[in-house]
1. Kindly state which helices (runs of 4 or more DSSP H) lie completely within the stretch 31-122 and contain at least 1 residues that are at negative phi and of a type in the set (G, A, S).
2. Is it fair to say T21 is of a type in the set (S, T, Y), open to solvent by 10 Å² or more (accessible area, probe 1.4 Å), at pLDDT 95 or above and farther than 30 Å from S123 by Cβ?
3. On the basis of being more than 30 Å from I236 (Cβ to Cβ) and either surrounded by 14 or more Cβ atoms within 10 Å (Cβ to Cβ) or more than 21 Å from the chain's Cα centre (by Cα) (or both), does R104 make the cut?
4. Would it be correct to say that S111 is closer than 27 Å to L47 by Cα, open to solvent by 30 Å² or more (accessible area, probe 1.4 Å) and either in contact with a Lys or Arg (Cβ under 9 Å, 6 or more places away or on another chain) or among the β-branched types (V, I, T) (or both)?
5. Residues of the stretch 208-220 being free of Cβ contacts under 8 Å to residues at least 60 places away in the same chain and touching an Asp or Glu at 6+ places or on another chain (Cβ under 9 Å), which ones?
6. Given the residues D196, D205, D223, which is the only one that is surrounded by 16 or more Cβ atoms within 10 Å (Cβ to Cβ), of a type in the set (D, E, K, R) and free of Cβ contacts under 8 Å to residues at least 60 places away in the same chain?
7. If F203 satisfies every condition in (1) at pLDDT 95 or above; (2) aromatic (F, W, Y); (3) more than 21 Å from C38 (Cβ to Cβ) but one, which is the exception?
8. In the set L230, L248, which member is modelled with pLDDT under 95 and surrounded by fewer than 20 Cβ atoms within 10 Å (Cβ to Cβ)?
Amino acid sequence: MISFQDLTAGYGPCHVLQSVTARAKSGELIALIGPNGCGKSTLLKTLCGILTPSSGRITFNDKNLRNLPPKARARQIAYLSQSREAMPSMTVKEVVRLGRAPYRGGLGKISTEGQAAIASAMSHTQSNRFASRRFDSLSGGEQARVLLARALTVKAPILLADEPIAALDPFYQLSMMEIIKAEAASGKTVITALHDLSLAAQFADRIWMMHQGNIIADGTPDDVLTAENLKTVFGIKLPIGGFKPLELA
């Protein structure tokens, strides 16, 4: 379980998060939604340690995450950023292998357990079929699968994903969300920022709705995606009949 209390963070003197408090349990897929600039990415970056909060506390299983050494923290939290960049000359397998960095020793070797984690993640994301190709030769959807495989290779109990389906076609969006949902079902805590409210309603166990640097609603999709909340936060109407689920053919 990961929780945070009175978390305030941002960039320099600009505080994007304003005393945010919430808790996520094991086995949950939490969709983090809200308009651009509301603090979704800032929250994820703060939870994984990229940003240092100016105040507040983050705990994992009742231990203060700020007291953990960087490598130990990286073993507990896998972070999938919005960026889909990698070294141009790297192959897909080389990119995925980077996920084992928190476990490597002085010689940089990957253990047998690490090799098994790489193989499992690539199989799970169906990225093993282009393992030897250069990362920059892949389509956007294929790159997204590879970067998710890199995050899964960490084998961390917490997965934070920042807009993992952005700019993907419907097939890859559904495929990615099904993989992420399976990770939560396996017992991990998964928190993912999403703009697609239909997919948030379809896949999330809980939704954190952010507005102006704070979480203003926390609950099931039905509890959070109300007509009042959608009007207040996004300035939109609730679709007639609610959000309809999509399926792969």
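The values are calculated or read from the model by the stated rules, or taken from the named source; none is laboratory data. Source: prediction; values computed, not measured. Note that we place each Cβ from the backbone using ideal geometry, even for glycine, and neighbour counts take in every protein chain shown. Note: accessible area is taken over every heavy atom of the protein model, side chains too, but ligands, DNA and RNA are not part of it. Shrake-Rupley method; radii C 1.70, N 1.55, O 1.52, S 1.80 Å.
1. Working: elements: 40-48, 70-76, 92-97.
In the stretch 31-122, 40-48, 70-76 are the helices (runs of 4 or more DSSP H) which contain 1 or more residues that are at negative phi and of a type in the set (G, A, S).
2. Numbers: of a type in the set (S, T, Y): yes; open to solvent by 10 Å² or more (accessible area, probe 1.4 Å): yes; at pLDDT 95 or above: yes; farther than 30 Å from S123 by Cβ: yes.
Yes, satisfied.
3. Values: more than 30 Å from I236 (Cβ to Cβ): yes; either surrounded by 14 or more Cβ atoms within 10 Å (Cβ to Cβ) or more than 21 Å from the chain's Cα centre (by Cα) (or both): yes.
Yes; evaluated as a whole, the condition is true for this residue.
4. Details: closer than 27 Å to L47 by Cα: no; open to solvent by 30 Å² or more (accessible area, probe 1.4 Å): yes; either in contact with a Lys or Arg (Cβ under 9 Å, 6 or more places away or on another chain) or among the β-branched types (V, I, T) (or both): yes.
No.
5. Keep residues of the stretch 208-220 that are free of Cβ contacts under 8 Å to residues at least 60 places away in the same chain, which gives 216-217, 219-220.
If the condition is that a residue be free of Cβ contacts under 8 Å to residues at least 60 places away in the same chain and touching an Asp or Glu at 6+ places or on another chain (Cβ under 9 Å), then A217, T220 are the ones that fit.
6. Numbers: D205 fails: free of Cβ contacts under 8 Å to residues at least 60 places away in the same chain; D223 fails: surrounded by 16 or more Cβ atoms within 10 Å (Cβ to Cβ).
The conditions single out D196.
7. It fails just one condition, (3).
8. Values: L230 fails: modelled with pLDDT under 95.
Only one candidate passes the filter, namely L248.
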